[in-house]
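Notes to accompany the following structure.
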Amino acid sequence: MDDIRIRTHKELSGVAEKYYGFTFRQWLFLVLTGIITVPTYLYLTPILGDEISSWIVIIMGLPLMLCGFLTLQGMTADRLLPFLKRHYLDFGKPLEYKTEKELLAEKEAKKNKGKKQKEESVQIIEKSKKPTRAERKQAKKEKKALMKMEKEQKKEKARLEKQKELELKIERKKAK
């Protein structure tokens, strides 16, 4: 006999039981925020004044309320914050690109832990740093000069081959 399956929509997976219009999670963080902010406001108002103490209470209560009420892409704020930290703080650093030679040198240095190996790996790393604009220009000029020399050598070689062919033709005519 065939299996009969009931189709459920994705929206139903996010349904939570509500008590007086709020979920349990929202009630929990609402009460926790009230427990922390109300005494703080009552304590700070005579000392700092009404306006400053209200701003301090808002700043204190905002993260707690976010944890209770904020959901992005199905994740609550307390689960979302570690991802945001990882993305913006941990991976916000510039990446270091290393060649295979550098990686091998570092591995060997770790294995041997010898001073010579470490010095060599440091020298390799220093050599592989990004060249300056002047160094790039100089390298480009050198490359052009090498290409020009190679072209001249090819032309000279082709000229010599033509000359040899002519000499061979002349010799053949003389032999006939």
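The values are calculated or read from the model by the stated rules, or taken from the named source; none is laboratory data. Computed from a predicted structure; not experimentally measured. Every residue, glycine as well, gets a Cβ built from its backbone with ideal geometry; the counts of neighbours run over all protein chains shown.
Evaluate the stretch 27-43: report whether one residue or more is modelled with pLDDT under 80 and among the polar types (S, T, N, Q).
At the first step, the residues of the stretch 27-43 found to be modelled with pLDDT under 80 are none.
The answer is no; no qualifying residue exists.
To keep it simple, each residue is scored yes or no on (1) assigned to a helix (DSSP H, G or I); (2) more than 30 Å from residue 34 (Cβ to Cβ); (3) touching a Leu at 6+ places or on another chain (Cβ under 9 Å); (4) modelled with pLDDT of 80 or more.
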| residue | (1), (2), (3), (4) |
| --- | --- |
| 55 | yes, no, no, yes |
| 85 | yes, no, no, yes |
| 93 | no, yes, no, no |
| 103 | yes, yes, no, yes |
| 125 | yes, yes, no, no |
| 137 | yes, yes, no, yes |
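Only one of 110, 129, 141, 98 is at pLDDT below 75 and either over 30 Å from residue 23 (Cβ atoms) or outside any strand (DSSP E or B) (or both). Can you tell me which?
Step by step, each of 110, 129, 141, 98 is checked, and only 129 is at pLDDT below 75 and either over 30 Å from residue 23 (Cβ atoms) or outside any strand (DSSP E or B) (or both).
Would you say residue 47 is at pLDDT 85 or above, loosely packed, with under 10 Cβ neighbours inside 10 Å and touching a helix residue (DSSP H, G or I) at 6+ places or on another chain (Cβ under 8 Å)? Steps first, answer last, please.
Working: at pLDDT 85 or above: yes; loosely packed, with under 10 Cβ neighbours inside 10 Å: yes; touching a helix residue (DSSP H, G or I) at 6+ places or on another chain (Cβ under 8 Å): yes.
It is true that residue 47 is at pLDDT 85 or above, loosely packed, with under 10 Cβ neighbours inside 10 Å and touching a helix residue (DSSP H, G or I) at 6+ places or on another chain (Cβ under 8 Å).
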